[in-house]
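A short worksheet on the structure shown next.
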Amino acid sequence: MGTTTCPITEAAKLVPPFTEETALAKVRAAEDAWNSRDPVRVSLAYTEDSQWRNRDQFVQGRAAIQAFLADKWERELDYRLTKSLWGFRGNRIAVRFQYEYHNTAGDWFRAYGNELWEFDESGLMRRREASINDVSIREADRRFHWSAPGSRPADDAGIPHVQ
């Protein structure tokens, strides 16, 4: 009988100071968690008192993160996200991301953004700052088509180099 690993447990083993390999793995683990659209799963990557700035909102603590994400995914339907490593040093990682979603009226959007992450010594994120811009797109212009919720396939390149 084979064993399986828990993605959250495996991601928690990725502790600072980060190497390129561990920073890339941390980014992919975060992407996979967010694509699950499971607020509890996502929140487990953050410290109990984690501080967020998300656009114009300030969120603190796992319970508030869970509530924020549950509300987000009630509004942002068929959400699919891809993240890429921008840089890393010590206990910090910078990420750029894109995600697509539609609202209840069926209007599609692509969100472009950057995140700054700071981790504690155990590998949990204690601070997240996100700057995000939404652009209206036609459904025909969508880039992210994998089954959702679920992880981006390994052979999908993620964020295109040409915008």
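Bear in mind these aren't lab numbers, they're just calculated from the coordinates by the rules spelled out. Note that the coordinates shown come from a computational prediction; the quantities given were computed from them, not determined experimentally. Because the Cβ atoms are built from the backbone with ideal geometry, glycine has one as well, and the counts that use them run over all protein chains shown.
Could you work out the local net charge near E129, counting Lys and Arg as +1, Asp and Glu as -1, over the other residues with Cβ closer than 14 Å to its Cβ?
The answer is +4.
Within 10 Å, Cβ to Cβ, of Y79, how many net charges do the neighbouring residues add up to if Lys/Arg are +1 and Asp/Glu are -1?
Counting the neighbours of Y79, the net charge comes to +1.
To make sure I understand the rule: partners must be aspartates and glutamates, Cα under 13 Å from the Cα of K83, and not fewer than 8 residues away in the same chain. Which ones qualify?
E31, D32, E100, E115, D156
By how many degrees, between 0 and 90 and to the nearest 10, does the Cα long axis of helix 62-75 differ from the longest principal axis of the chain?
20
Scan around R37 for amide H atoms under 5 Å from its own, H built in the peptide plane at 1.01 Å from N, and keep only partners 5 or more places away or cross-chain.
When sequence neighbours closer than 5 places are left aside, there are no close amide H contacts.
Distance from the Cα centre of the stretch 37-63 to that of the stretch 64-139, in angstrom?
If you average the Cα positions of each part, the centres end up 11 Å apart.
GNM on the chain, C-alpha springs below 10 Å: top fluctuator among G106, G150, G123?
Comparing G106, G150, G123 in the GNM, the peak value goes to G106.
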